[in-house]
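The values are calculated or read from the model by the stated rules, or taken from the named source; none is laboratory data. All figures in this text were calculated on a predicted structure; none of them were measured in a lab. All Cβ positions, glycine included, derive from the backbone under ideal geometry; neighbour counts span all protein chains shown. These area figures cover heavy atoms from the full protein model, side chains too; ligands, DNA and RNA do not enter into them. Shrake-Rupley method; radii C 1.70, N 1.55, O 1.52, S 1.80 Å.
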Amino acid sequence: MVRRDAPTLLNYVILPNLLLRLSVVMLRRGLLAWLSRVGVLLVVVCCCLSLLYVITCSPHADDRPGGVGGAPIGPAGREGFQALLQEREEQHQQHIASLKKQIAQLKEALQERSEQLKGMQDSVEKTAGKGTVGDVADDHSHSDLQEFLRSQLSRAEIHSGVRLPSEYAVVPFESFTLQRVYQLEMGLTRHPEEKPVRKDRRDELGEVVESALHALNAPNRGGDKTKASKVYTPSDFIEGIARTEKDKGTLYELTFRGEQKQEFRRLLLFRPFGPLMKVKSELVETANMPINIVLPLSQRADKFKQFMHNFREVCVKQDGRVHLTVVYFGKDQMNEVKGTLENTSRELNFRNFTLIQLNEEFSRGRGLDVGARAWKGGNVLLFFCDVDIFFTADFLNTCRLNAQPGKKVFYPVLFSQYNPAVIYGSHDHVPPVEQQLVMQLIFMRRLKCGFDVDIKGWGGEDVHLYRKYLHSNLLVVRAPSRGLFHLWHEKRCADELPPDQYKMCMQSKAMNEASHGQLGMLLFRHEIEAHLRKQKQRSGAKKS
């Protein structure tokens, strides 16, 4: 016997279906009502703007040629009245053009909303026929997308470096400003500076800078104590670096001027082949970041004087947070080098330098090792330098921003100067060094590395250290630096070299002399001169 209040199997079947249909109907009615209100609101706004347009364009009594109330105007004030009338006419035209633009934008928005309404109606109808399966699928797809973006971010080399097999596996950075892009892969143009910057590249970097500014100026939510109080503008942007890992995405690191003189704001943005994601926003304080410049040297006292001239202007007078460590090999020209340092110390009251003398054969790796170990202070940023290097104060800040203890090491790609005698025709017409260092007269140097104390002489001494960094968890930042230059000096190819090495040495020497086009002009100068002579003879024959 069955009780009357007991549920039957039919109740279990019919009740869920009724609830499902009722929820779909309610969802469709609510969505259609909301979208209808939005469409009506847009139509009302368009009508109001059209009415405002008609009222503005209609003539006023004060604008009639007869003046106020139609009173006549004398000849003396006619020119002033015409000028005023023309000014009012221009103002009306500008206002009309603005209103037309707003009306066109609203029409486009209305059309877009109408299309969205139609699409949502179709979606609701499909949902009514299929139940809630589509909603579950959309949620699942959205969850998969979020999981994909998070996986791309975790796989990218952002917070820490990854172990690389060799220096050829490094993905280089490009540096950029608001107007220029400094590229490592120069392509057919062979220019280190992309000229002109492609439109798609300009749009990409413009979007990145705009997103960074939006993040910096966003309201402080979540109790972020490092949130800036100033309003950041594009003029606060200093420079950025970017690189693309083809299977992960593009990383952007942007630096802005902070509220104080020695404060900077750095933002990391990541595009995982999708929307930009804000990774980190931090305040970087560089006031307490000293730099120890380690300079191995042997003879070349004249070049050291040139180096110290740049050092005085940049490190002593402008920056003031630099220590110089000179590791000198041998005794020849030692007094000249010591005298240059003492003159700088006496004239500028500069005491932040160390002079170490080694009576042994020159080894740049050995000099860098001794100079680095000679520092007895606290944490310091080491800048391994060469006597032929010319740098700016901005480059020192770039070093501070791109190197971080235990996390990042900075390997800048510097620019090299061509032979000034070839560029300017002779040594008599060579301008000062600062005027020579323009992008048209320099080229970008490839990796020239090594750091092995067993290597004697010059060259090949940084690769050892470089590979150690690559095999560690440090992030190696390798990017063109617009404030670092290698000054030209004559390259000698020794007669003791084997034929194949001598040939390679001469090829390297040719690349340092001038650009491809300039060397071509030198090679074909006889043909060019012959052409000019023929042109003069023809012009003379025509005149006669």
Any residue at all in the stretch 309-322 that's open to solvent by less than 20 Å² (accessible area, probe 1.4 Å), part of a helix (DSSP H, G or I) and over 22 Å from residue 381 (Cβ atoms)? no
When the stretch 491-524 is examined, which residues are found to be touching a residue at least 40 places away in the same chain (Cβ under 8 Å) and part of a loop (DSSP other than H, G, I, E, B)? 514, 515
With respect to residue 178, determine if the residue is at pLDDT 90 or above, open to solvent by 80 Å² or more (accessible area, probe 1.4 Å) and either out of contact with any Leu (no Cβ under 7 Å at 6 or more places or on another chain) or closer than 21 Å to residue 402 by Cα (or both). yes
Can you tell me which residue in the stretch 361-389 is nearest to the chain's Cα centre (by Cα), limited to those that are open to solvent by 30 Å² or more (accessible area, probe 1.4 Å) and of a type in the set (Phe, Trp, Tyr)? 384
Matching option when the condition is more than 28 Å from residue 485 (Cβ to Cβ) and either modelled with pLDDT of 80 or more or buried (at least 16 other Cβ atoms within 10 Å of the Cβ) (or both), among 200, 224: 200
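Residues are listed down the side, and each one gets a yes or a no for (1) open to solvent by 50 Å² or more (accessible area, probe 1.4 Å); (2) within 29 Å of residue 377 (Cβ to Cβ); (3) free of Cβ contacts under 8 Å to residues at least 12 places away in the same chain; (4) not aliphatic (A, V, I, L, M):
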residue: 253; (1), (2), (3), (4): no, yes, no, yes
residue: 259; (1), (2), (3), (4): yes, yes, no, yes
residue: 263; (1), (2), (3), (4): no, yes, no, yes
residue: 268; (1), (2), (3), (4): no, no, no, no
residue: 271; (1), (2), (3), (4): no, no, no, yes
residue: 276; (1), (2), (3), (4): no, no, no, no
residue: 283; (1), (2), (3), (4): yes, yes, no, no
residue: 287; (1), (2), (3), (4): no, yes, no, no
residue: 296; (1), (2), (3), (4): no, yes, no, yes
Scope the stretch 330-339; condition open to solvent by 10 Å² or more (accessible area, probe 1.4 Å) and within 25 Å of residue 377 (Cα to Cα); matching residues: 338
Qualifying residue in the stretch 237-246 (condition: farther than 19 Å from residue 409 by Cα, open to solvent by less than 50 Å² (accessible area, probe 1.4 Å), of a type outside the set (Phe, Trp, Tyr) and part of a loop (DSSP other than H, G, I, E, B)): no
Here is a check on your reading of the model: is residue 478 modelled with pLDDT of 70 or more and buried (at least 19 other Cβ atoms within 10 Å of the Cβ)? yes
Between 344, 398, 340, which is hydroxyl-bearing (Ser, Thr, Tyr), more than 22 Å from the chain's Cα centre (by Cα) and within 23 Å of residue 289 (Cβ to Cβ)? 344
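Rundown of residues vs (1) loosely packed, with under 10 Cβ neighbours inside 10 Å; (2) at pLDDT below 60; (3) over 29 Å from residue 276 (Cβ atoms), yes/no style:
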{"residue": "71", "(1), (2), (3)": "yes, yes, yes"}
{"residue": "75", "(1), (2), (3)": "yes, yes, yes"}
{"residue": "78", "(1), (2), (3)": "no, no, yes"}
{"residue": "88", "(1), (2), (3)": "no, no, yes"}
{"residue": "99", "(1), (2), (3)": "no, no, yes"}
{"residue": "107", "(1), (2), (3)": "no, no, yes"}
{"residue": "114", "(1), (2), (3)": "no, no, yes"}
{"residue": "120", "(1), (2), (3)": "no, no, no"}
{"residue": "125", "(1), (2), (3)": "no, yes, yes"}
The one condition residue 185 fails out of (1) closer than 30 Å to residue 416 by Cβ; (2) at pLDDT below 80; (3) surrounded by 10 or more Cβ atoms within 10 Å (Cβ to Cβ); (4) not hydrophobic (A, V, I, L, M, F, W, C) is (3)
Within the group 357, 306, which residue is open to solvent by 60 Å² or more (accessible area, probe 1.4 Å) and modelled with pLDDT of 95 or more? 357
